Amino acid sequence: MESTKQLSSGKRLARNFFSLSLVQFANNFLPLLTVPVIARIIGPDKFGAINFAAAIVTYFSLLINYGFDLTATRAIARAPHDQEERNRIFSEILFAKVFLLILSLLVFIPSLFLVPAIAADKALFIYTYIACFSLVITPNWLYQGMQELHQIAVFNFVSKLLFTLSILFIVKKEEDYALQPLILSLSQIAVGLGSFLWAIKKYDLRIFVVRLKKILSLLWTEKMIFFSMIVVTLYTTTNTIILGLVQTNTDVAFYTAGWKLIMIMQTFVSLPLRLSLFPFIGESFGKSQAQGVAKVSQLVPFITIFTAVSGALIWILAPWMIQMFYGSQFGEAATVLRILCFVPLILALGDLFGIQTMINLKMDKQFFNITLVGAGVGLILNYFLSKQTGATGTAWAWLLTEVFITSTMWIFLYLRKIRLIDINYFRPSHLFQLLRPFVFALKKKVYKQI
């Protein structure tokens, strides 16, 4: 009976992984298909400008999301069948995001006129910012908590496919560069609206007005995760901003060219694993700490081997990948890509130690403190290395920062007698057993198409 439950749970995890992979494929890989055309049309300077604007707007996105992808997912996963609780959580998150959107607008609108770097290209920043509206109405956290993100995977895929085709037909010359973020923003709003309406219908949601006092109380309660997300952004997205301030848009283009390819691997594989594993592992931690730790330990070898092999392949293929996607003008980005090729491995381990273990064990404060120290180290490294060596310095700063943070998390847990690395789980027999539900789900999808 127990083995049947484990297999069923494994199949559900595999289904969520493949669904999340499809969502991430739509969000990241399909837009990447436009890069070989767009990068050659607009050139490194405008390509760098687009990514600089995206880095700035990330802060507004971070404010609106407020870490709800983790905290709200965690709340839903603990009571997935409680209709009243689901209605309460959904309403509170919705109104909290509306409130945060208003706050972000109060900052963004004046910055269009007061901040020189933004005022110099208002249209680009406005078109990029429009995507923030989609964050209010996109309830991915609800689907994740219910472990049913496959519900919107196909819709998301079709929407992003239309976006990709639109970009190829609309952006024809260098002056059209600002249309790229506009079309992307509109496609995200379409996905958000569709997933919002579908969630209300599928889960029979009832939305009620939430008072400001309750919103402020919720934001205060979940503040540690939000601050942790800000800290993480300080040594990731801020890298691009600092590089843009101390170097040129061309340097930003070289760095973000390599960074984007790494993020494809990160979002197509590592992020789906994280989002599908979080409620899955959270369920185990809900039973006992021992079961949760055991579940994480079983997954460490699979994720380590997979991301390590992928990183090695990227290192070998880096020059060819840059040439294929961006063209000869972006040749310097190959060095950046090789420096960053093992970042997904470090991030995956850091995710298991931090998000999957520390957050599920309610070690929010300790998680925040570690990432805060890491952010400080990252900012110092980023400023000096970017100023000295440009894009490659920025790449080294990110890699070294992630190594520092992941190592610190592992040491912290080890001292708490939480051992997440068990050599016994690296045996081929265990890895094969872990892969069974994924292979089964993949075969099922193939047979359906045949």
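The values are calculated or read from the model by the stated rules, or taken from the named source; none is laboratory data. All of these numbers come straight from a predicted model, not from anything done at the bench. Note that each Cβ is placed from the backbone with ideal geometry, even for glycine, and that neighbours are counted across all protein chains shown.
Would you check which residues across segment 62-92 are surrounded by 19 or more Cβ atoms within 10 Å (Cβ to Cβ) and either of a type in the set (G, A, S) or more than 19 Å from the chain's Cα centre (by Cα) (or both) and list them? Listed by number, the residues that qualify are G67, A72, A75, I76, A77, R86, I89, F90, E92. Residues in segment 198-235 that are of a type in the set (S, T, N, Q) and surrounded by fewer than 20 Cβ atoms within 10 Å (Cβ to Cβ) were compared, and the one that is farthest from the chain's Cα centre (by Cα) is S217.
Criterion first (in a helix (DSSP H, G or I), closer than 28 Å to G244 by Cα and not acidic (D, E)) does S111 satisfy it? Taking the combined requirement at face value, the residue satisfies it. Checked against the criterion of being at pLDDT 90 or above, assigned to a helix (DSSP H, G or I) and of a type outside the set (K, R), the candidates A53, A72 yield just one match: A53. Residues that are outside any helix (DSSP H, G or I) and touching a residue at least 40 places away in the same chain (Cβ under 8 Å): does segment 396-419 have at least one? Within segment 396-419, one or more residues are outside any helix (DSSP H, G or I) and touching a residue at least 40 places away in the same chain (Cβ under 8 Å).
Scanning segment 141-185 for residues that are at pLDDT 80 or above, closer than 30 Å to N87 by Cβ and surrounded by fewer than 23 Cβ atoms within 10 Å (Cβ to Cβ) returns M146, S185. Considering only segment 119-129, I want to know if a residue exists there that is in contact with a Pro (Cβ under 6 Å, 6 or more places away or on another chain), in a helix (DSSP H, G or I) and more than 30 Å from S284 (Cα to Cα). Yes, the conditions are met somewhere in segment 119-129. For W220, indicate whether it is in contact (Cβ under 8 Å) with a residue 12 or more places away in the chain and of a type in the set (F, W, Y). In short, no. Cβ separations smaller than 9 Å between residues 6+ apart or across chains give the following pairs from segment 126-143 residues that are farther than 12 Å from Q188 by Cβ and in contact (Cβ under 8 Å) with a residue 24 or more places away in the chain to residues that are among the charged types (D, E, K, R) and in a helix (DSSP H, G or I): W141/D69; L142/R86.
One residue stands out in segment 217-242 among those that are in a helix (DSSP H, G or I) and hydroxyl-bearing (S, T, Y): the one that is farthest from D364 (Cα to Cα), namely T240. Going by the conditions given, is T58 touching a residue at least 60 places away in the same chain (Cβ under 8 Å), on the phi < 0 side of the Ramachandran plot, surrounded by fewer than 20 Cβ atoms within 10 Å (Cβ to Cβ) and not small (G, A, S)? Against the criterion (touching a residue at least 60 places away in the same chain (Cβ under 8 Å), on the phi < 0 side of the Ramachandran plot, surrounded by fewer than 20 Cβ atoms within 10 Å (Cβ to Cβ) and not small (G, A, S)), T58 qualifies.
The residues of segment 209-228 that are at pLDDT 85 or above and in contact with an Asp or Glu (Cβ under 6 Å, 6 or more places away or on another chain), listed by number, are V210, L218. Being of a type in the set (S, T, N, Q), assigned to a helix (DSSP H, G or I) and surrounded by fewer than 17 Cβ atoms within 10 Å (Cβ to Cβ) holds for only one residue in N424, N382, and it is N424. Would you check if T406 is farther than 21 Å from L261 by Cα, modelled with pLDDT of 90 or more, crowded, with 22+ Cβ neighbours inside 10 Å and of a type outside the set (F, W, Y)? Yes: the conditions hold for T406. The C-beta contact set for segment 186-209 (first residue acidic (D, E), second residue assigned to a loop (DSSP other than H, G, I, E, B) and at pLDDT below 90, distance under 6 angstrom, 6+ apart or interchain) is empty. Taken over segment 344-377, the criterion of being closer than 13 Å to T406 by Cβ and either in contact with a Gly (Cβ under 7 Å, 6 or more places away or on another chain) or outside any helix (DSSP H, G or I) (or both) is satisfied by P344, L345, F367.
Look at segment 162-179: where a residue is under 16 Å from R40 (Cβ atoms) and a partner is among the basic types (K, R) and in a helix (DSSP H, G or I), sitting 6+ places away or on another chain with Cβ atoms under 7 Å, you get E174/K46; Y177/K46.
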